[in-house]
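Readers should treat all values here as calculations from the given coordinates under stated rules, not as data from a laboratory. Nothing here was measured: the structure is a model prediction, and the numbers come from that model. Cβ placement follows ideal geometry from the backbone for every residue including glycine, while neighbour counts extend to all protein chains displayed.
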Amino acid sequence: MNSEAANQRTQAAPDPKPDKARRLSRRVIPGFGLSMGITITWLTLMVLIPLAAVFIRTSGMGWEEFWRAVTSRQVVASYKVTFGVSLLAAMTNAVFGFIVAWILTRYRFPMRKLVDALVDLPFALPTAVAGLALTALYAETGWLGQLFYPLGIETAYSRTGIFIALTFIGLPFVVRTVQPVLEDFDREVEEAAASLGAGRLRTFVSVVLPALVPALLTGFALAFARAVGEYGSVIFISGNMPMRTEITPLVIVKHLENYNYPHATAVACVMLVASFAMLLVVNLLQRWSESIGQARG
Amino acid sequence: MRASGSETQAPPAAGFHADHADLPSTEVWIDRLRHHHSGHADLPRRHGRRAVLALAGSAALALAACGGSDGDGRTLLNVSYDPTRELYAEFNAAFIEHWREQTGETISIEMSHGGSGRQARAVIDGIGADVVTLALAADVEAVQQAGLISSADWQQRLPANSAPYQSTLAFLVRKGNPKNIRDWGDLVREGVDVITPNPKTSGVARWNFLAGYGWALEEFGGDEQQATDFIRRLYQNVPVLDTAARGASTTFTERRIGDVLINWENELLLALKGGGDDYEIVVPSLSILAEPTVALVDANVDRRGTRDVAEAYLEFLYSDLGQDLAGKHFYRPSNPEFLAKYADQYPDLRLFTIDEVFGGWTRATERFFADGALFDQIYLE
């Protein structure tokens, strides 16, 4: 009886500023409490506790030792390689991933389904297999390496090799985030823009692109985060030379191989914080671009 | 007009974040749901495909997990390093037979192979190994220090320093030895590319490093400065630092990078036996006696009730059959009788031990492989 009355009241006179609890109770599918509980438990078990363990492992060492562990020249050189090349690879993926998504949603061509399925391959392939295959292709004796080496481009055992591997594993993230947005995009809007006199470039830059920016940023952030953490495929193609082509995850592995858990987790901490900061910045950018899009209305 | 476009299109941004700022009414919700479904006609299918992949993956895992346990008795887990696959595949079958004859129990034996240091860490972190058979005593020592092996002098519990089989290092060069590589001294010549893995991550790479350093010490009359300089020049000739021995072999044979590969003698002999017409083995004048060590993991065998069978397993490595199998797989049997039997397959070279030249693993690790030690310094210049 009570709830019916409450229901009637909300329907009759919707409060201009309804309080939170009531708004939640109006969901079609009930069970906010239960699903929120599951969410928090799951995230705690699967994400928060393992990550907290990283920090706890480090807490045993003093601040000075921590600082020494994370700022030694070799480690700093590896940050530059890991974050620099990951950034480049993610940006490249943002451009080419967008084009792939565009082709897949805007055109119907033979084997489209096959191409669509191919995009997921880097997700499914074990990274070691990817690393081996890419190294075989891009080494000086490989099919593709033969073409590049005469031009002075070392496509394996170099930063270029790392870039190739990171681009490979990051591609699906951009395609799969941009694709659904493109699919939902009303063509009529483009037609309207055209009928109002906008050229093709103008339509793309002012109408299509702003709608895609949030999804592109998400894809970029995911590709970047994946690249920063990638180990399996990179170690095959990078050559792993300290100071030049050594990635930070390998530095962590090297510490572990020497049973140096504190130093390994210290470097892991830095990566964690840096990745989190990057994701936060991208998230803020995304919010900002959305609000710009809405403000224009 | 154009703004309305961006407004309606922005929200479904791939579903990676839910926007709590505007909770829609029921009608809008249902409408959105309907819209969502019509808009993503092939989304469910795509998810379906991933689900199938995931299922296939877990099914494969489940199958792999069941693979080892076909006996009706207890199960032993032997955690070993990379190149022992073939040896233990044959040895385990022989031991299962031996144990059945002795006791009537049909046990099964599971193997785990990988880089020696990583394997030791897996044992420390809780993989329930009954026995470890690793590439170097330092890795077993780490297991001991973690409290899993009860006695500090574990290496004296079994004959021959707990190394039932031994090995050493040799060079693999391309057919005809085009760079004319004869000994360690040739590895630092200009234009010679040397393939050896990273000693920070690979067991054999540590032996390689120590063997080269030991040779230089002898060559320069014990002058450590010159030996250090030699090892520095050697690593300046290394174009790729793989993380493990098998990776280095691939780099040398498949990628065709480098003029000389330093690797386990048993691996090289095995490679040549497998029809390696493109390569030759070169034996340096002096090398290190590598003692891959085995040990019982006391904490695990007591918990699992496998002490008797695990002890018998390790002792069987020293039996005639065990020694013969070691020789057959190109290891050097510790029993002189079987070493003599297989003598013609081992090149004749002088060997020194790590204890003689470097005072054992602990000191060698501190001096060369620890954080900021000699190996790190090579790359900081």
With each pseudo-label sitting 7 Å past Cα toward Cβ, what's the A:Leu285-A:Leu125 distance in nm, one decimal? 2.7
Order of B:223-230, B:207-214, B:315-322 by packing, highest average Cβ count within 10 Å first? B:207-214, B:315-322, B:223-230
Subtract the Cα-Cα distance of A:Leu209 and A:Ser59 from 0.36 nm times their separation in residues, and report this length gain in nm to one decimal. 49.4 nm
Ranked by how many other beta carbons lie within 10 Å on average, peptides A:81-89, B:286-294, B:187-195 from highest: B:286-294, A:81-89, B:187-195
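For peptide A:259-268, what's the mean number of Cβ atoms from other chains within 10 Å of each residue's Cβ? Walk me through the numbers on the way to the answer.
Numbers: counts 11, 2, 3, 0, 1, 0, 0, 0, 0, 0.
For peptide A:259-268, the averaged partner shielding equals 2.
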Residue-averaged beta-carbon neighbours from other chains (10 angstrom radius) around A:136-148: 2
Can you give me the three principal axis dimensions of chain A from its C-alpha atoms, in Å, biggest first? 73, 57, 32
Partner shielding of A:171-184, taken as the mean number of other chain Cβ atoms within 10 Å, equals 3
Percent RCO, i.e. relative contact order, over chain A, from Cα pairs under 8 Å lying at least 6 residues apart: 27
Starting with the fewest neighbours, write out B:Glu141, A:Glu188 ranked by other beta-carbon atoms found within 10 Å of each beta-carbon. A:Glu188, B:Glu141
Simple SL model, points at 7 angstrom along Cα→Cβ for A:Leu137 and A:Ala277; separation in nm is 3.5
Computed over the range A:85-245, the relative contact order (Cα-Cα under 8 Å, seq sep at least six) in percent reads 38
Expected sort for B:126-138, B:367-379 on mean C-beta neighbours within 10 Å, highest first, is B:126-138, B:367-379
Among B:Lys200/B:Lys273; B:Lys175/B:Lys328; A:Lys80/A:Lys254, which pairs are too far apart, with a Cα-Cα distance over 21 Å? B:Lys200/B:Lys273; B:Lys175/B:Lys328
Here the gain from full extension of B:Arg350 to B:Lys175, 0.36 nm per residue of separation minus their alpha-carbon distance, amounts to 60.5 nm
Applied in sequence order to the range A:210-219, the curve 6.51 cos²θ - 1.76 cosθ + 1.60 (Karplus, θ = phi - 60°) yields integer Hz couplings, x standing for Gly and Pro, of x, 6, 8, 3, x, 5, 4, 5, 4, x
Summing -39500 (n - 2.57) over the DSSP H runs of n ≥ 4 in chain A and dividing by its residue number, what mean residue ellipticity at 222 nm do you reach, to the nearest 500 deg cm²/dmol? -23500 deg cm²/dmol
